[in-house]
Amino acid sequence: MPEQNPFDLAEGDPFGPHTLPYGVFSTADAPGLRRLGVRYGRHVLDLAALPDALPDVVPAAHAALLGAATLNPLLAAGRPVWQEVRAAVRTAVTDPAHRTAVAPLLRSLDDVTLHLPFEVADYVDFYASEHHATNVGRIFRPNGAALPPNWKHLPIGYHGRAGTVVVSGTPVVRPHGQRKTPADAAPVFGPSTRLDIEAEVGFVVGTPSALHTPVGLDDFRDHVFGVCLVNDWSARDIQAWEYMPLGPFLGKSFATSVSAWITPLDALDAARTAPPTRDVPPLPYLDDSATEPGGIDLRIEVLLNGEALSHPPFSAMYWTAAQQLAHMTVNGASLRTGDLYASGTVSGPEPGQLGCLLELTEGKGPFLQDGDEVTLTAWAPGPDGARIGLGEVTGRVLPARDLPAHLTEQAAGERESAAAN
């Protein structure tokens, strides 16, 4: 059977000329050489080779950016360059006059290895879904207020660990840590027994900002390059014991999975939508009533071992990505190229729209078992009825690793002491 023409996309392909997400790939013949690519259908366009192939389309000034081994130089170049490169790529894959030159630069997805597309500078995770925060509050505080008193006044968030952000397909090893239930006399140490997922959307910062200079709502597009899917894995039992009185730490920092493709923010223009009606007026620096619609109509699907588990709607998020960025910098904190900030768990108002097992099981479980594989996919409406695809993010749970004997012996001793008391 002859190989399919890479320019002939199937009808409704979510990775057509309106999407064009960026990634980093290598090939079997040069596994140590990482190159920038743009996804087009089931192929990857080699960006490093594009300036030489189409010198009249791709400015020579961008050759160094496109020849890098990571997206960071392109991210740092700023929005005018992002737009120039995106326009050139679209011309390259859609203009029939360029097919002869471009065809050799298209590699089948089956023949490449995808890598973490950018070097993560800082990682921040928010808690921006009112439905998620309310559900979790009811589980943890059945006799108290579901939402904390500050929740509708500011986007709650915490700083995570950039070094454990991993690309889709990277296995997730069940973490060890302390855990304690209300019935336990003392904490015990061992593998998490309540391993969970969090279906989230991430935003990748390109243009940095100066220290002590807040980034306003209107500057969102000048700083944020694109969007990716995020699974912020959570060890609920470790988290429940350690977050008194501070925030998430070891229950979160063992792994955060991101998709291999970063969808440019401009690809989602047709999906912009108004956020939910707010019943508490935000302070001026968060007041987006006079700005462009800050919500994004992303339809997420969560699959567990290939079976659809839920369909969280990102359009239901109370706090927008622009508000999160404004809040994250209002104290003078600076942005760095490669910063990643995530929305927090995406959940909607319906039972089939919940973004984590904690909510789906009302805290009772079951939670993830060894060998379970979780995949997040998403799409957004594009222009003229097109679909904009976001690259999937997948992770398989591996068993906890054996620890040095002195750690396990200490844990055993603590358990025996607790039982004796």
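The values are calculated or read from the model by the stated rules, or taken from the named source; none is laboratory data. Here the structure is a predicted model, which means the values were calculated and not measured. Neighbour counts are summed over all protein chains in view; Cβ atoms, including those assigned to glycine, are modelled from backbone coordinates with ideal geometry. We work out accessible area using only protein heavy atoms, side chains counted, and drop any ligands, DNA or RNA first. Shrake-Rupley method; radii C 1.70, N 1.55, O 1.52, S 1.80 Å.
Computed over protein heavy atoms with a 1.4 Å probe, the carbon and sulfur contribution to the accessible area of the chain reaches 55%. In this structure, the amide hydrogen of Val173, modeled 1.01 Å from its nitrogen in the peptide plane, lies closer than 5 angstrom to those of Leu398, counting only residues at least 5 positions away or on a different chain. Quick one: pull the percentage of alpha-carbon pairs in the stretch 171-254 with a separation above 14 Å. The share of Cα pairs beyond 14 Å in the stretch 171-254 comes to 71 percent. Close amide H pairs (under 5 Å, H built 1.01 Å from N) link Val201 with Val230, Ser343, Gly344, residues at least 5 positions away or on another chain.
Karplus-derived 3J(HN,Hα) values for the stretch 182-188, using 6.51 cos²θ - 1.76 cosθ + 1.60 with θ = phi - 60°, are x, 7, 7, 6, 8, x, 10 Hz; glycine and proline are entered as x. About the centre of its Cα atoms, the stretch 1-127 shows a dipole size close to 200 debye [charges on the beta carbon of Lys, Arg (+1) and Asp, Glu (-1) only; nearest 20 debye]. Computed from phi, the 3J(HN,Hα) profile of the stretch 375-388 under the Karplus parametrisation 6.51, -1.76, 1.60 (θ = phi - 60°) reads 10, 10, 10, 6, 8, 9, x, x, x, 6, x, 6, 10, 9 Hz, with x in place of Gly and Pro. In order along the stretch 282-292, the phi-based Karplus estimate (6.51 cos²θ - 1.76 cosθ + 1.60, θ = phi - 60°) of 3J(HN,Hα) comes to x, 5, x, 5, 10, 6, 9, 5, 10, 9, 5 Hz; Gly and Pro are listed as x. Across the chain, Cα pairs under 8 Å and at least six residues apart give a relative contact order of 21 percent. Translational diffusion of the chain, estimated by Stokes-Einstein from the Kirkwood radius over alpha carbon pairs at 10 °C in a medium of 1.306 mPa s, is 70 µm² per second. Shape descriptor for the stretch 261-396: Rg over Rh equals 0.99 (Cα atoms; Rh from the Kirkwood inverse mean 1/r). Looking at the chain, the accessible area is 44 square angstrom per residue; that uses a 1.4 Å probe and ignores ligands, DNA and RNA. Dipole size of the stretch 78-133 about its Cα centre, with +1 on Lys/Arg Cβ and -1 on Asp/Glu Cβ: approximately 400 debye, rounded to the nearest 20.
The residue list Val89, His159, Gly41 was ranked by how far each Cα lies along the charge dipole of the chain toward its positive end, using unit charges on Cβ atoms, and His159 comes out on top.
Each Lys and Arg Cβ is given +1 and each Asp and Glu Cβ -1; about its Cα centre, the chain then shows a dipole of about 600 debye. The residue list Val258, Ala271, Leu246 was ranked by how far each Cα lies along the charge dipole of the stretch 232-296 toward its positive end, using unit charges on Cβ atoms, and Leu246 comes out on top.
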